[in-house]
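What follows is a single structure, written as structure tokens, with notes after it.
The values are calculated or read from the model by the stated rules, or taken from the named source; none is laboratory data. Since the model is a prediction, treat every value here as computed from it, not as a measurement. Every residue, glycine among them, receives a Cβ derived from its backbone with ideal geometry; neighbour counts consider all protein chains shown. Note: areas computed on protein heavy atoms with side chains; ligands, DNA, RNA excluded. Shrake-Rupley method; radii C 1.70, N 1.55, O 1.52, S 1.80 Å.
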Amino acid sequence: MKQTRRIFLQTSSAAIFSTTLVRPSLASNPGARWMGCRLVQGQHYASLFDGTGKVHINIPLPGRGHGIVATPGGRHALVMARRPGTFILVIDLDTGSVVHEITTSIDHHFYGHGCFSNDGHLLYTTQNDTGTGQGVIAVRDATDAFALITTFPSGGIGPHEIALMPDGLTLAVANGGIRTLPELGRTKLNLDTMSPSLTFINRETGKLLADHHLAADKHQLSIRHMSVGPSGIALALQYEGPKTDTMPLLALFNGQTLQLIETPASEARAMRNYAGSIAHDPSGEIVALACPRGNLISFWDATSGAALGRQTIVDACGVAPGNQPGEFVVTGGQLAAQSSPSSLTPTASFADTQWDNHLQRIA
Amino acid sequence: MIQNLVQKVAAPLLAVAMWATPATADTFAPEDYIGLVEALTDKIVIPAYERFAIETSVFSETLKSFCGQPTTVAAETVTRRFHDTMDAWAQARPILLGPVLNAPGPARFQFWPDKRGTGQRQLRLILTTKNTRVLTAQTLAAKSVALGDLQALEYVLFDDPQTTLLNDPFRCAYANAIADLQRSRAALLLQDWTKPAGFRDQVIGSANGTEAFFDEREAASAFLNSVIGTLEIVRLQKLDRPMGLTVESARRSRVESRRSGRSFRNITLNLETAHAFFTVPGGINSLLEKLPGNDNAQRVEKLFTDIATDLENFDTPLSTSVEDESSRPQLEALLTKLRTLQSLIQEHVAADLALVPGFNATDGD
């Protein structure tokens with residue numbers, strides 16, 4: 001829900017303190033940074049911290065934030081509003097200041113994610129055309145104050161995470177399939193008929209190149225988040241059907257087919273039908289699924305889909321690559337932690353904090 | 001390669017580490033949470049929906065009778081019954097779980113805020129063209145929620161003092177259709193909770209897993225989230241948004257129920273229900289009291305009481321107060337207390353109860 005701009009304007013950059021708990025290998029790379037959104041005493045922030053838990057940037061937000069994307073080159077980070085928000089803040093990572101705010105047109109809202117072209121000139125964001133309910137990709141000129149250049153269809157309803165494929169030309173879009181309207185809040189309007197998809201779009205022409213769906217009897221598995229790795233795309237799912245059903249939450253796209261990964265029943269039950277974010281480790285061989293309803297991070301082989309283990313952290317949702325192969329940084333509740341399939345070591349505790357959905361490695 | 005990598009970092013595989021589980025996770029047994037959700041269901045939710053069903057029914061009957069024989073005296077009864085219905089809705093509005101969330105959500109009872117004015121434009125068109133297709137609950141149900149909700153009813157009743165139900169038969173018939181639709185929707189909402197295998201059973205049976213809840217803690221979290229969500233709606237939608245950043249940017253048109261002059265009353269009743277989640281026998285306070293040395297129940301109580309007193313102390317309607325420089329400090333103080341209360345519940349009471357307040361998982365994103 002929209003946070004008050006009153007607080008945004010009145011709040012100083014307070015609440016930046018954390019308690020370092022241990023100094024594992026994260027601290028061995030002092031240049032590494034991670035950025036996430038969090039709630040501190042009723043105010044939403046975007047915060048940049050290092051492996052010791054030291055907060056370097058703490059920006060109050062005008063509402064709840066969601067995804068974060070760094071510009072190629074790493075000079076700026078874009079903090080995106082959670083749906084159905086309408087702001088993106090452009091933050092200068094050297095000065096820690098907001099240098100620009102992007103807003104949608106009145107008949108659109110953001111879905112919380114975006115990506116850049118490899119040269120950093122173009123920003124692509126997922127948006128909802130509230131008039132038609134169709135998903136839209138908006139293209140903005142990063143060299144001209146992010147002026148809107150054009151829009152094209154996302155190929156589905158409820159486009160969420162978007163990523164540039166390694167060819168530099170193709171956009172991959174996770175269309176969640178759930179229709180919402182801003183005037184009806186976050187009420188889901190089409191759960192019986194939802195049809196999520198993974199689409200591929202030529203970023204220069206806007207042409208839909210391919211779309212992939214899960215089996216018809218899995219149409220209530222919303223495709224929301226993804227991570228692109230060397231072996232393909234790993235997708236995090238959330239199930240919108242009865243909670244008495246137990247569903248797999250990981251799908252892999254190997255370049256040709258979209259495959260739902262068989263999940264041991266005990267693992268699926270623990271994950272509670274909801275994965276909130278996904279990331280590859282630095283090697284690209286392991287993916288971590290964050291499951292906040294299950295209070296766990298679940299680890300998988302990025303190629304074979306074999307289950308590798310899970311670690312427990314309350315309200316786990318932020319997940320990003322760590323420093324070493326097999327390592328991740330995760331956030332949940334007040335904590336940031338270093339994790340692998342076999343261990344989880346808290347690195348810092350942040351006072352009065354609730355870490356939000358996503359975590360982005362910045363450097 | 002992958003095998004080697006995993007062996008380096010994983011010994012043993014599939015190990016499960018327990019970190020950062022709330023300190024009080026084992027303080028409460030499943031029956032504690034079931035006791036809580038049962039108390040909240042049977043002492044707050046069901047009575048609130050029963051009252052809403054009754055009041056909408058009485059209002060519908062009153063309007064039906066009035067439109068057949070409109071008199072000035074009877075018009076006063078219509079107004080009184082409208083406020084009774086709105087009181088019942090304002091008490092039920094904080095229930096932010098269960099069937100009320102089914103599409104199209106709470107907007108089918110109250111489409112507000114209407115940020116783009118679409119509802120109002122549709123209403124004006126209906127009243128101008130006297131479109132007879134909205135004159136039965138059945139046909140009205142198929143139209144935009146903005147044409148058949150309590151906000152539309154308020155508009156028809158109060159927007160134009162010169163054109164009232166007394167002198168405009170179309171307006172009377174339209175109001176009658178809206179009230180009839182609300183009656184049927186309120187009855188269905190109650191039934192969805194109380195019928196066999198309805199939402200009450202989903203809540204009470206949550207310890208064994210139901211279609212709605214994985215377990216009793218998830219059910220308890222949904223109730224706690226209702227309180228948090230209500231505080232946020234009151235704070236941001238009902239106060240902060242019409243206030244604007246400055247008195248110059250305040251907008252009385254953004255005030256809820258301004259035409260019927262019951263904006264503060266809605267807020268008061270919303271907060272009374274949220275407060276009752278703590279105070280009813282078997283409610284949240286009964287769990288907090290089991291925690292030695294924990295004073296959060298007292299802190300919550302003081303804030304709810306202070307806020308209720310602050311609301312009583314406003315001597316002008318909210319639509320006037322938001323544009324009045326002298327009322328600004330009072331409104332700002334109210335916002336601060338609401339924010340403190342929300343933060344206390346979301347960040348501390350939730351932890352006390354070993355509940356994750358659904359920050360990352362409430363409705364998915």
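List of remarks:
- Helices (runs of 4 or more DSSP H) fully within segment B:1-99 counting 2 or more residues that are modelled with pLDDT of 95 or more: B:30-40, B:46-68, B:72-92
- Of the strands (runs of 3 or more DSSP E) lying entirely inside segment A:65-111, those carrying at least 3 residues that are within 14 Å of chain B (Cβ to nearest Cβ) are A:65-70.
- Scanning segment A:124-147 for residues that are of a type in the set (Asp, Glu) and in a strand (DSSP E or B) yields A:Asp129, A:Asp141.
- For segment A:297-325, the set of residues classified as under 19 Å from A:Trp355 (Cβ atoms) and free of Cβ contacts under 8 Å to residues at least 24 places away in the same chain consists of A:Val314 only.
Yes or no, residue by residue, for (1) out of contact with any Gly (no Cβ under 6 Å at 6 or more places or on another chain); (2) within 14 Å of another protein chain (Cβ to nearest Cβ); (3) among the basic types (Lys, Arg):
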position: B:Ser57; (1), (2), (3): yes, no, no
position: B:Lys64; (1), (2), (3): yes, no, yes
position: B:Ala92; (1), (2), (3): yes, no, no
position: B:Gly98; (1), (2), (3): yes, yes, no
position: B:Arg108; (1), (2), (3): yes, yes, yes
position: B:Leu147; (1), (2), (3): yes, yes, no
position: B:Gln151; (1), (2), (3): yes, yes, no
position: B:Glu154; (1), (2), (3): yes, no, no
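- Selected residue [over 21 Å from B:Pro30 (Cα atoms), modelled with pLDDT of 95 or more and surrounded by fewer than 18 Cβ atoms within 10 Å (Cβ to Cβ)] from B:Glu256, B:Glu272: B:Glu272
- Every residue from segment B:118-130 that is open to solvent by 50 Å² or more (accessible area, probe 1.4 Å) and either away from chain A (no Cβ under 14 Å) or in a loop (DSSP other than H, G, I, E, B) (or both): B:Arg124, B:Leu125, B:Thr128, B:Thr129, B:Lys130
- Residue match in segment B:333-353 (condition: free of Cβ contacts under 8 Å to residues at least 24 places away in the same chain, open to solvent by 50 Å² or more (accessible area, probe 1.4 Å) and farther than 30 Å from A:Leu237 by Cβ): yes
- Residue pairs whose Cβ atoms lie under 6 Å apart, separated by 6 or more positions or on different chains, with the first residue in segment A:342-354 and within 7 Å of chain B (Cβ to nearest Cβ) and the second assigned to a loop (DSSP other than H, G, I, E, B), are A:Ser342/B:Ala10; A:Ser342/B:Ala11; A:Ser342/B:Ala15; A:Leu344/B:Ala17; A:Pro346/A:Leu21; A:Asp352/A:Gln41; A:Gln354/B:Phe359.
- Taking strands (runs of 3 or more DSSP E) as the structural unit, those lying wholly within segment A:167-276 and holding at least 2 residues that are buried (at least 20 other Cβ atoms within 10 Å of the Cβ) correspond to A:170-175, A:197-202, A:221-229, A:232-239, A:250-253.
- Set side by side, the residues A:Pro325, A:Pro321, A:Pro282 differ, and just one is open to solvent by 20 Å² or more (accessible area, probe 1.4 Å), touching an Asp or Glu at 6+ places or on another chain (Cβ under 8 Å) and away from chain B (no Cβ under 11 Å), which is A:Pro321.
- Scanning segment B:285-302 for residues that are in contact (Cβ under 8 Å) with a residue 12 or more places away in the chain and open to solvent by 30 Å² or more (accessible area, probe 1.4 Å) yields B:Ser286, B:Lys290, B:Asn294, B:Arg299, B:Glu301.
- Among the residues making up segment B:188-209, those that are surrounded by 15 or more Cβ atoms within 10 Å (Cβ to Cβ) and more than 13 Å from B:Ala53 (Cα to Cα) are B:Gly198, B:Phe199, B:Arg200, B:Asp201, B:Gln202, B:Val203, B:Ile204, B:Gly205, B:Ser206, B:Ala207, B:Gly209.
- Condition met for B:Leu269 (part of a helix (DSSP H, G or I) and touching a residue at least 60 places away in the same chain (Cβ under 8 Å)): yes
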